[in-house]
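The values are calculated or read from the model by the stated rules, or taken from the named source; none is laboratory data. Predicted, not measured: the structure shown is a model, and the values here were computed from it. Glycine also receives a Cβ, built like all others from the backbone with ideal geometry; neighbour counts cover every protein chain displayed. When the accessible area is computed, the model is the full protein with side chains, heavy atoms only, and any ligands, DNA or RNA have been set aside. Shrake-Rupley method; radii C 1.70, N 1.55, O 1.52, S 1.80 Å.
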Amino acid sequence: MTRRLILDTDTAQDDCVALLVALLDSRASLEAITMVAGNVGFDRQVHNAFLTLAATGHLGEVPVHLGCERPLVREWVSAENVHGDGVGGMSIDLGDCGPEAEHGVDALIRIVNDNPGEIDIVAIGPLTNVAMAAVKDADFAKNVRSLVIMGGSNNGRGNITAAAEFNFYVDPEAAATVFAAGFDITVVPWAPLTLNDAVFGADRLEQIATIDTPLARFFMKVCAATLEFDEAVGIPGTTHPDSLSVAVLLDPELVIAAADYNVQIETGSELTRGYSAMSWGVHDLEPNARVIEAVDGQAFFDLICSILSTEVSPQRAIAGLQ
Ligand code: BDR
Ligand code: CA
């Protein structure tokens, strides 16, 4: 079945891989890209999104809308220490290509409300745009077919602090708003799911390096800085929670274990800012999300390899892609 989806993204590293999947998997129809403040500088993220579109030959086919350039109430926090510029130094001349005039939040509301029950949103950055859309339009949450969120940890460790995963840490108020808004939510958490099932270690990276396509080289470039960071903090490979979020939407059979949870986000404490309390059904709390607990990591890796094997016709010369 084809999924009509919008990707809400802070495009750097695995966000680029998620975009490759959304653009190239035949089960996906990518209706729009909405940009949100997160991983790296906002303009750089926008460039990275266009760069990824150009690398796949889809530049000009999918509208890119600029969304919120900062979190709802807090200062933006960068992950440039993790991702560098997010694309390993690659760049393109965009020429006359640019974003749409319509704001990302308005695009989300328009596309969803024009197609009630038809559009899935995969949110792989801080939840600022999605929260804004839910607050601005009372019909938005119920008209979204499903919302896949990359964020939080399932009572596991964080990555930006001991308690918090980056996307929820950057805009905890937005995350809290979204979990209370009535969406049909699926969560792809950082820990333990990503760390167990979506890390590509040396063997897998070697396999990707042997795929002799521009997209495989593109993958190795966008993941290079993150790999260095991950190894420095004891994670044995590159991390792929964003591309996994798109993958589980397109191929639910990847999911081995999932359960209904009540998810609430900490906004009051500085120590545990953005912590996701995921209650697994024994605390008399109404479930508001399905949390993925385990996936078939090998099948996910195989899916990424098949995407990277796709023959494409890049539309621009990509500087830095050897
Ligand atoms: C999340 O933060 C970003 O660095 C990644 O793109 C992912 O969305 C992981 O915490
Ligand atoms: Ca992301």
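Here are the numbers for the structure shown:
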| read-out | value |
| --- | --- |
| Top-ranked residue in the stretch 277-322 [being of a type in the set (Val, Ile, Thr) and more than 30 Å from ILE265 (Cα to Cα); ranked as most open to solvent (accessible area, probe 1.4 Å)] | THR310 |
| Yes/no for SER243 being over 20 Å from ARG204 (Cβ atoms) and at pLDDT 95 or above | no |
| Single residue of the stretch 109-147 satisfying the filter (polar (S, T, N, Q) and closer than 27 Å to VAL40 by Cβ) that is surrounded by the fewest Cβ atoms within 10 Å (Cβ to Cβ) | ASN129 |
| Of all residues making up the stretch 148-175, the number that are more than 19 Å from ILE292 (Cα to Cα), in a helix (DSSP H, G or I) and open to solvent by 10 Å² or more (accessible area, probe 1.4 Å) | 2 |
| Candidates ASP106, ASP96, ASP85, filtered to the one that is crowded, with 17+ Cβ neighbours inside 10 Å and in a loop (DSSP other than H, G, I, E, B) | ASP85 |
| Pick from the stretch 1-44, criterion out of contact with any helix residue (DSSP H, G or I) (no Cβ under 8 Å at 6 or more places or on another chain) and over 17 Å from ALA224 (Cβ atoms), ranking: least open to solvent (accessible area, probe 1.4 Å) | PHE42 |
| The one condition in (1) surrounded by 17 or more Cβ atoms within 10 Å (Cβ to Cβ); (2) within 16 Å of ligand 1 (Cβ to nearest atom) that LEU72 fails to fulfil | (2) |
| Residue selected from the stretch 116-147 under the condition among the charged types (D, E, K, R) and part of a helix (DSSP H, G or I), by the criterion nearest to ligand 1 (Cβ to nearest atom) | LYS136 |
